[in-house]
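What follows is a set of notes on a single structure, which appears directly below.
The values are calculated or read from the model by the stated rules, or taken from the named source; none is laboratory data. This is a predicted model, so every value here is computed, not measured. Please note: Cβ atoms are built from the backbone with ideal geometry, for glycine as well, and neighbour counts cover all protein chains shown. Ligands, DNA and RNA are stripped out before the accessible areas are found, and what is left, the full protein with its side chains, is counted by its heavy atoms. Shrake-Rupley method; radii C 1.70, N 1.55, O 1.52, S 1.80 Å.
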Amino acid sequence: MGIAVNYKKIGVVLFETNTVADREQNDITRPSADAEAITEFPVDEFPSRFAFQSVNVFISHESVQAEVELIRDDVETLGTAKSENPEGEHMRVIAEATLKAVGELLDENIRLCLSEMVEIELGEVDALVVRVDLIRHRERKSLAGCSLYAGNANQTVVFATLDAVNRVLGVLKSRSSVEYKIR
């Protein structure tokens, strides 16, 4: 059609359709006046999402510690969390480690806080629902994520947590550089 298209932008075009009677009266090959009145809705491009790399859980008689490794745009990040209560806390510790890994690549003014985790039954399948609070300046927004239990329960926790935060990552400011602390 002789139209130059920028491959980096995707648009939605709406055409006004003619009725069958209108088509019979007008020559179909002739462009109508409405063809020039095109409405375009651009789609914003967002950075890629975080992807799961690994999760490690260390349980002792004194504590529970989790390490979650994620990758985004070829940048790996590691988050760790620990609880002094080893009884039933390991899922919460994994979710907090996931949020810390995500937080390593976000602007310092943004905090992600685990609010609640609930195991539910969806039909015949068990699922995990996670609520994360995104805090920026004096604004708080609650995010929800869900993952079905399919195999490893530790991975399910990471997937549900990432499901909550990956949706808003495109509009959040990232750090310009990542600094690693040696402990």
Worksheet item: Can you tell me how many residues in the stretch 163-183 are at pLDDT 85 or above and either open to solvent by 10 Å² or more (accessible area, probe 1.4 Å) or aromatic (Phe, Trp, Tyr) (or both)?
Response: 1
Discussion item. Which condition from (1) among the hydrophobic types (A, V, I, L, M, F, W, C); (2) surrounded by 13 or more Cβ atoms within 10 Å (Cβ to Cβ); (3) in a strand (DSSP E or B) is the one that VAL118 breaks?
Written reply: (2)
Discussion item. For the stretch 146-162: of the residues being open to solvent by less than 20 Å² (accessible area, probe 1.4 Å) and over 18 Å from LEU105 (Cβ atoms), which is nearest to the chain's Cα centre (by Cα)?
Written reply: ALA160
Worksheet, complete the sentence: Expected output for the stretch 117-146 (first residue without any contact (Cβ under 8 Å) to a residue 40 or more places away in the chain and over 17 Å from LEU162 (Cβ atoms), partner part of a strand (DSSP E or B) and of a type outside the set (Val, Ile, Thr), Cβ below 6 Å, 6+ apart or cross-chain) is GLU119/LEU128; ILE120/ALA127; VAL125/LEU148; ILE135/ARG111; ARG140/ASP133
Item to complete: Could you tell me which residue of the stretch 98-112 is nearest to PHE50 (Cα to Cα), considering only residues that are open to solvent by 40 Å² or more (accessible area, probe 1.4 Å) and either among the basic types (Lys, Arg) or in a helix (DSSP H, G or I) (or both)?
Response: LYS100
